[in-house]
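In what follows, a single structure is set out as structure tokens and then discussed.
The values are calculated or read from the model by the stated rules, or taken from the named source; none is laboratory data. It should be emphasised that the depicted structure is a prediction, and the values quoted were computed from it without experimental measurement. Neighbour counts run over all protein chains shown; Cβ positions are idealised from the backbone, glycine included.
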Amino acid sequence: MNLNAVKAIYRYEMARFGRTLLQSFISPVISTSLYFVVFGAAIGSRIEEVDGVTYGAFIVPGLIMLSIMTQATTNASFAIYFPKFIGTIYEQLSAPVNFLEITLGYVGAAATKALFIGVVILLTAALFVDLQIQNWPAMMAFMVLTCISFSLLGFIIGIWASNFEQLQLIPLLVITPLVFLGGSFYSVSMLPPVWQTITLFNPVIYLISGFRWSFFGMSDVPVGLSLLAIAGFTLLCMYTIYWIFRTGWRLRQ
């Protein structure tokens, strides 16, 4: 493996992130604060506890997941789409690097950015509520795996997109609604039985449920099923990327 190529791509993407670090830092802090004002204060005054956890603390895992999923997808999709848009992607395809090295560079940088945002939101949430994380290794594992898997998804979206509007299509119209409907701000047990069954078809519920379990020791679905879901999703994205580079789909047009 050409580690120099991976480092070059990774450093380039992280340098671009560093130039907008202030914006990347302030934006999630303000957004998280607004969520706590709207959901924590307005709704939290009516819902004091959910399964023995204060509502303000209960929504923290959902807020973190919402941010890292959208950030990972957006960062990775733009990172690969822009070279394709200006034509420099052909230089990478003709260079002595394989698809794995290109993917590691772009996806690694996007996952790092999303992980940074997740940590910032976690620290911001600690200013509003009393957080007690029961399983730190599991919490970090779920956060890292989510950053990686959705960065892989964003990489696929960036290759698929043919204009800047399509880059925002999946994050805005698919990922964000799935997160809101995936138990990020409520427990699935609070829904009527029919809607509980329907919610189980939402793949995001498995990620949020497992992530919330690492905080409070409670989950809407078994933790093992959550790990199986995120592992399967990651493998599916990796195979899709392999197929794209093998066939040249959307890369050689």
inquiry  = Give me the helices (runs of 4 or more DSSP H) completely within the stretch 1-67, filtered to those with at least 2 residues that are under 30 Å from F99 (Cβ atoms) and among the β-branched types (V, I, T), ordered by residue number.
reply    = 3-19
Cβ pairs under 7 Å, 6+ apart, first in the stretch 172-189 and among the aliphatic types (A, V, I, L, M), second outside any loop (DSSP other than H, G, I, E, B) and modelled with pLDDT under 85 = none
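In the list V188, V221, which residue meets the criterion of being modelled with pLDDT of 90 or more and hydrophobic (A, V, I, L, M, F, W, C)? Quick ask: steps written out before the conclusion?
On the way: V188 fails: modelled with pLDDT of 90 or more.
Residue meeting the stated conditions: V221.
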query = Taking into account only those residues within the stretch 14-59 that are of a type in the set (K, R) and modelled with pLDDT of 75 or more, which is farthest from A109 (Cα to Cα)?
reply = R19
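This table checks each residue for (1) closer than 26 Å to F215 by Cα; (2) out of contact with any strand residue (DSSP E or B) (no Cβ under 9 Å at 6 or more places or on another chain); (3) polar (S, T, N, Q).
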position: I80; (1), (2), (3): no, yes, no
position: N98; (1), (2), (3): no, yes, yes
position: G108; (1), (2), (3): yes, yes, no
position: M143; (1), (2), (3): yes, yes, no
ask   = When you go through T70, T54 one by one, which is the residue that is hydroxyl-bearing (S, T, Y), over 18 Å from W160 (Cβ atoms) and out of contact with any strand residue (DSSP E or B) (no Cβ under 9 Å at 6 or more places or on another chain)?
value = T54
task = Mind listing whichever residues of the stretch 145-181 are within 20 Å of W213 (Cβ to Cβ) and β-branched (V, I, T)?
result = T146, I148, V179
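Checking the conditions here, which among I198, I230, I244 is free of Cβ contacts under 8 Å to residues at least 12 places away in the same chain and in a helix (DSSP H, G or I)? Give the derivation first.
Details: I230 fails: free of Cβ contacts under 8 Å to residues at least 12 places away in the same chain; I244 fails: free of Cβ contacts under 8 Å to residues at least 12 places away in the same chain.
From the options I198, I230, I244, the qualifying one is I198.
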query = Restricting attention to the stretch 210-221, does a residue exist that is among the β-branched types (V, I, T) and surrounded by fewer than 18 Cβ atoms within 10 Å (Cβ to Cβ)?
reply = no
task = Considering only the stretch 142-167, state which residues are assigned to a helix (DSSP H, G or I) and loosely packed, with under 15 Cβ neighbours inside 10 Å.
result = F164, E165, Q166
message = Going by what's in this entry, would L100 be described as assigned to a loop (DSSP other than H, G, I, E, B), under 22 Å from the mean Cα position of the chain (by Cα) and either modelled with pLDDT of 85 or more or surrounded by fewer than 19 Cβ atoms within 10 Å (Cβ to Cβ) (or both)?
response = no
request  = Select, from L104, L100, L93, L21, the only residue that is more than 20 Å from P171 (Cα to Cα), touching a Gly at 6+ places or on another chain (Cβ under 9 Å) and aliphatic (A, V, I, L, M).
outcome  = L93
message = I'd like the full set of residues that are small (G, A, S) and crowded, with 18+ Cβ neighbours inside 10 Å, limited to the stretch 78-95.
response = A79
